[in-house]
Amino acid sequence: MSENLNEKEKTPEAAAAAEKEGAERVSRNFIEQMIDKDLAEGVYDTVHTRFPPEPNGYLHIGHAKSILLNYGLAQEYGGKFNMRFDDTNPTKEKTEFVESIKEDIKWLGADWEDRLFFASDYFGQMYEGAVKLIKKGKAYVSDLSAEEIREYRGTLTEPGKEDPSCRRSVEENLRLFQEMKDGKYADGEKVLRARIDMASPNINMRDPVIYRVAHMSHHNTGDAWCIYPMYDFAHPIEDAIEGITHSICTLEFEDHRPLYDWVVRELEYPHPPRQIEFAKMYLTNVVTGKRYIKKMVEEGIVDGWDDPRLVSIAALRRRGFTPESIKMFVDLCGVSKSNSSVDYAMLEYCIREDLKTKKPRMMAVLDPVRLVIDNYPEGQIEWLDAPNNLENEALGSRKVPFGRELYIEREDFMEVPPKKYFRLFPGNEVRLMNAYFVTCTGCVKDEEGNVVEVHCTYDPETKSGSGFNARKVKGTIHWVCASEAITAEVRLYENIIDEEKGVYNEEDGSLNLNPNSLTVLKNCYLEPAFAGSKAYDSFQFVRQGFFCVDAKDSRPDALVFNRIVSLKSSYTLPK
C-alpha cells in the first residue's frame, strides 16, 4: 500500500499540488506562521482576534490595515472577531468618535456580529483585579507626582529608585485605594502602581502606574467612577476576559509585552492571550496625527475629519475610495516586522484598478466654452448611442443628446496651436466622441479677447457607428449638449501637504500646507444621464478622471462631485 501511495505522489498532479502547497506555506506571513504553530501545539484550539481603538478621533488608513488584518485572520481560521473600544481615558473620548469608528469598520466589511464591547464594561473587573494585586503585594498606592515618578524611574542606562510608598502594608494600600475610588483625593494626588522591578532594563516594568484619579464624566459610564485604569493594565484584562487568543498590535507595543504578560499572569487568567506585534503602515506626505487634524478642523483649513484631502477612513469614503481598493492596498503592503513607508501613489493605483472596469465612462465638461455647429438644424436634438465602458461590455450603453450647440473643454480649442496639437483650431477636423466629424471655421471673442464661442461645420456622413471610413482624423474630443446639460460643482483635489517641503516644518513643527490643495469649479456641464446621482455614486469622467458624488454637500438639485483620482499616473507596482 505504501508503494501505491509513493507512486501516487509521483504523478504530475500530485507534484503540482505539493509545489502549490509549499508555495502557500512559504508565502504565509510571520503572524500566520505563529498562529499555525500555536494551533499545532495545542496552545489554542481556535483563533479569536479583536480591533481595539480608543474613541479619541477618527480612524485613518493605517487603522484600516489593523482592522482588515485582525478580521482577516479570524476569517481565515474560522474564528471570531471582536469590536472593542478601549475607552479608559475620558479626557479625550467622545460618542461622536465611537459612532464614526463603527461606521468605518462596517464600511470596510469587518463584521463583529454580536460582539461589540467597551473597556468600560469591565471597569468593575479591573478594579477587582487591582485589589487582587494589592492583596498579593504586587501593587501599592503612591503619593508621588507625575514629575516625581518620572524622576524616580531612572533612565535607559541607570536603574530607578524605589518609591517611598512601596513599603506600605496591604491593609493601608487597600484603604487608600478604596478612598481613591470614593473620590477623597484630587486628580494627580495619588496613583496605584504595580510593584515589579525598579531595576528592570525595560523601563515599562519599573513599577508602572495602573490607576489614576480623574474626576471626569465618561461617555459610557457617566460619573460612576472617578478612578480610571491605565491602558497597559486595562488592555490585557480586556483581552483575557473576552477570550482573545492572539492580541495583534503594532510595533510600539513590543516593549510593553512583558507588562502585558505580567498582568495576565499575576491575575491568574487560565487562558492567557498572546501579544504579537507588526509594523505600522506609513504613507508618504499625509497627515494622520490627531492633534494636527483637530487643529486644521478648528481653524477651518479643512471642513471636518472627513474632508476628502485627509486620509481618515471617513475622508477616503467621502472622496470615493472603495472598501475593495483599501483592501487591495493593504494586501499589497503586506505584513512585516520592519517599519517602512508606502508611496501615496500606490493607494491611487489601487482605486484606479478597482474602478476602471466597474464604472461608466460619461462626458462632463469642467472648463466650458460653447461650440456652435453652423450647418446643424436649429432646434433638432438627436439621441446617439454611447457605450458605458469599452473594457466592460456588461455595463451596456446609453443615449446621449446631440444638438446644434454644445459645450467643449476650453483647452480643446486653440487659435494658434503648437505642433502635434490635434484638437480644434481653424481649418482642422476632429471627431466629436460618439457623434460626427466637425471642422473648425473660427471663433468669437469678448471685449477682453477671451474666446466665448467656437464655430464649426459637421459632416452628416460621418456619424459614429455608420461605418464611415473614407478619411481619418487624429483628434477626438468629448462634449455635452448645451440645451440638455445639467450643471454641477466639481472639486479637484491635490495633496494637502506641500510635497516638495515634506509634512512638517523643521523650525516650528507646523504643517507645510499646499495652498492649492482644493480647486472648486462652479459651472461645469454634464450629460443628462448624471441626473438622479446619489451620494457616493462614482463615475469616470471621460479624459478627466474618476469622480464621486459628495455625500456632505451634494443635493439632487445641486450636484457636487469630488475627483477621486486622475486617470493616469507614472506609478508602477514594484516587482
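Each reported figure results from applying straightforward, stated rules to the coordinates on display, with no laboratory input. These numbers come from a predicted model, not from an experiment. Every residue, glycine among them, receives a Cβ derived from its backbone with ideal geometry; neighbour counts consider all protein chains shown.
Worth a mention:
- Contact order normalised by residue count of the chain, Cα under 8 Å, 6+ apart, percent: 11
- Projecting the Cα atoms of His455, Ser466, Tyr127 onto the charge dipole of the chain (Cβ charges, centred on the Cα centre) puts Ser466 farthest toward the positive pole.
- Amide H contacts of Leu371 (H built 1.01 Å from N, under 5 Å, at least 5 apart or other chain): Leu406, Tyr407, Ile408, Val454
- Simple point charges give the picture: +1 on the Cβ of Lys and Arg, -1 on the Cβ of Asp and Glu, and for segment 485-575 a dipole about the Cα centre of about 540 debye.
- The Stokes-Einstein estimate for segment 37-139, based on a Kirkwood radius over Cα pairs and taken at 37 °C with 0.692 mPa s viscosity, is a diffusion coefficient of 213 µm²/s.
- Share of pairwise Cα separations in the chain, more than 30 Å, in percent: 64
- Rounded to the nearest 20, the size of the Cβ-charge dipole of the chain about its Cα centre is 620 debye, with Lys and Arg at +1 and Asp and Glu at -1.
- Structural descriptor for segment 327-408: relative contact order 29 percent, calculated from alpha carbon pairs under 8 angstrom and at least 6 residues apart.
- Residues whose amide H lies under 5 Å from that of Ile248, counting only those 5 or more places away or on a different chain, are Arg50, Ile276; hydrogens are built 1.01 Å from N in the peptide plane.
- From least to most packed, judged by other beta carbons within 10 angstrom and beginning with the fewest, Met205, Met83 follow the order Met205, Met83.
- Dipole orientation for the chain: of the candidates Ser100, His256, Asn495, Asn495 has the Cα lying most toward the positive pole (charges on Cβ; Lys, Arg +1; Asp, Glu -1).
- When DSSP beta bridges are restricted to pairs lying wholly in the chain, around 65% turn out antiparallel.
- The mean sequence distance of close C-alpha pairs (under 8 Å, at least 6 residues apart), as a share of the length of segment 371-506, puts its relative contact order at 24 percent.
- Stokes-Einstein diffusion coefficient of segment 302-400, Kirkwood radius over Cα pairs, 10 °C, 1.306 mPa s, in µm²/s: 91
- Helix axis angle, 95-108 relative to the chain longest principal axis, alpha carbon, degrees: 60
- Projected onto their three principal axes, the Cα atoms of segment 361-565 cover extents of 66, 41, 33 Å, largest first.
- Relative to the longest principal axis of the Cα atoms of the chain, the long axis of helix 61-76 lies at roughly 70 degrees.
- For segment 120-233, the equivalent ellipsoid derived from the Cα gyration tensor has semi-axes of 24, 15, 13 Å, listed largest first.
- Within straight-line reach of Lys358, meaning a Cα separation under 21 Å, sit the following lysines at least 8 residues removed in sequence or on another chain: Lys327, Lys399, Lys534, Lys568.
- When each of Cys249, Cys350 is scored by the number of other beta-carbon atoms lying within 10 Å, the sequence from fewest to most is Cys249, Cys350.
- Each part gets one Cα centre, and for segment 319-391 versus segment 213-236 those centres are 47 Å apart.
- About the Cα centre, charge dipole magnitude for segment 361-565 (Lys/Arg +1, Asp/Glu -1 at Cβ), debye: 800
- For segment 493-575, alpha-carbon Rg over 2.2 N^0.38 Å: 1.41
- A cut-off under 14 angstrom between Cβ atoms defines the neighbours of Asn339, and their net charge, with Lys, Arg +1 and Asp, Glu -1, is 0.
- Residue-wise HN-Hα couplings along segment 365-373, as the Karplus relation 6.51 cos²θ - 1.76 cosθ + 1.60 with θ = phi - 60° gives them from phi, are 10, 8, 10, x, 9, 6, 10, 10, 9 Hz; Gly and Pro carry x.
- Distance between segment 132-200 and segment 56-117 - C-alpha centres, whole angstrom: 33
- Taking every Cα-Cα distance in segment 67-196 and sorting them into 5 Å bins starting at zero, the pair-distance distribution P(r) comes out as 2, 9, 14, 14, 14, 11, 10, 11, 10, 4, 0 percent.
- Every pair of different Cα atoms in segment 370-409 enters the Kirkwood calculation, which places the hydrodynamic radius at 11.8 Å.
- Positive-end extreme of charge dipole, the chain - chosen from Gly403, Ala435, Ala364 (charges on Cβ): Ala435
- Relative to the longest principal axis of the Cα atoms of the chain, helix 231-242 runs at roughly 90 degrees.
- Whole-Hz couplings from phi, Karplus 6.51/-1.76/1.60, listed for segment 281-289; x for Gly and Pro: 9, 9, 9, 6, 6, 10, 10, 10, x
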